[in-house]
Amino acid sequence: MKIGLLTSGGDAPGMNAAIRAVVRTALYYGMEVFGIERGFAGLIEDKMQPMNMRSVSEIINRGGTMLRTARCCEMLDKEGRKKAASVLEKRGIEGLVVIGGDGSFRGAKSLTEEFGVSTIGIPGTIDNDLEYTDYTLGFDTAVNTNINIVNMLRDTMNSHERISVVEVMGRSCGDIALFTGIASGAEIIIVPEIRYDMEDVVMRIDRSRKSGKHSNIIVVAEGACSAEEFASQLKESTDYAVRTTTIGHIQRGGSPTMADRMLAAQFGNKAIRLLKEKTGSRAVGIKRNKIIDMDIIEAVEMKKRFNYELYETLQMISM
Ligand code: ATP
């Protein structure tokens, strides 16, 4: 059996470890694996190389993706998707593993629906914005990166009695801000899912200062507003010194954590087992600590729900 493998959309730590797991499992089962460069763009241009055991040596610890990734507008048109499907057919590739976020899954879903290509989606995005899985690959590493940065900011903010507004990624999903906020002890988080009230923010800051706190950390999700925008609104309502930090692309790099490497190993392995069993197009994920798979079309259609319980937890314990 010949299979293709690509990484698409934004890169995420752990994608390399997943590539390794896919390739090694496929070779274990005697499959031929083609590594497709630059996501769907490379597929449409027929840019691919056969991979062997050594192609994936020494990448488990590296961020980014050795196959590189891209955003590909051609996939949004049926003509482009037809080209992608015809390249697979010409090469005799029977299954395609797509590592990426919800956009990449939509691409995979279209190839399944329109051309009957068997696709397996591995959720690789730091955003954690896919409802069918508790965690996506790269989320844990990104949040750990943020925790380290907030730790450092807290040292300096404490000395100067400042408020630190830290902007984190996540697109329209507040999970990175939520988990970073709870795990780093931030006093306030601002997420796209919940409208914020500046009076309430100032009240919480005043209360914490009165109880003896010397500094405050506010984590803002990029999908809610920018750190600069939030800080300027805050400065209109308070005299405290405010400083902003936008963590930016640092969140997408770095060596994957144990949690992400474990997910990568299991997702990659499961993806190939599913292709071998010819189960049709599936998305792999993790639910309540168990590796799961479900129909890729259903997985993409599920609407991401915000974890209000965790948000309330933060409200209660961060003061
Ligand atoms: P991340 O969330 O980390 O940025 P992503 O996979 O969601 O990752 P996108 O840029 O949304 O990133 O999508 C990646 C690629 O998937 C697009 O460049 C495009 O080639 C393809 N894609 C996205 N949406 C669709 C769609 N509706 N139909 C077909 N292909 C799509």
Problem set entry | Of residues in the stretch 131-145 being in a helix (DSSP H, G or I) and among the β-branched types (Val, Ile, Thr), the one most open to solvent (accessible area, probe 1.4 Å) | 145
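Let's see how each residue does on (1) modelled with pLDDT of 95 or more; (2) surrounded by 15 or more Cβ atoms within 10 Å (Cβ to Cβ):
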position: 232; (1), (2): yes, no
position: 240; (1), (2): no, yes
position: 249; (1), (2): yes, no
position: 263; (1), (2): yes, yes
position: 272; (1), (2): yes, yes
position: 278; (1), (2): no, no
For this session: Among the candidates 286, 291, 217, 272, single out the residue that is part of a helix (DSSP H, G or I) and among the hydrophobic types (A, V, I, L, M, F, W, C).
Result: 272
Exercise. Hey, residue 33 hits all of (1) more than 16 Å from the ligand (Cβ to nearest atom); (2) free of Cβ contacts under 8 Å to residues at least 60 places away in the same chain; (3) surrounded by fewer than 22 Cβ atoms within 10 Å (Cβ to Cβ) but one; which does it fall short on?
Worked result: (3)
For this session: Test residue 68 against the stated conditions and say whether it is within 16 Å of the ligand (Cβ to nearest atom), buried (at least 19 other Cβ atoms within 10 Å of the Cβ) and basic (Lys, Arg).
Result: no
Exercise. Do you know which residues across the stretch 47-63 are within 16 Å of the ligand (Cβ to nearest atom) and out of contact with any Lys or Arg (no Cβ under 8 Å at 6 or more places or on another chain)?
Worked result: none
For this session: Can you tell me which residue among 128, 148 is out of contact with any Lys or Arg (no Cβ under 6 Å at 6 or more places or on another chain) and open to solvent by 30 Å² or more (accessible area, probe 1.4 Å)?
Result: 148
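The values are calculated or read from the model by the stated rules, or taken from the named source; none is laboratory data. Owing to the predicted nature of the structure, the values given are computational and were not obtained by experimental measurement. As a convention, Cβ positions derive from the backbone with ideal geometry for all residues, glycine included, and neighbour counts pool all protein chains shown. Protein only, heavy atoms only, side chains kept; ligands, DNA and RNA dropped before computing areas. Shrake-Rupley method; radii C 1.70, N 1.55, O 1.52, S 1.80 Å.
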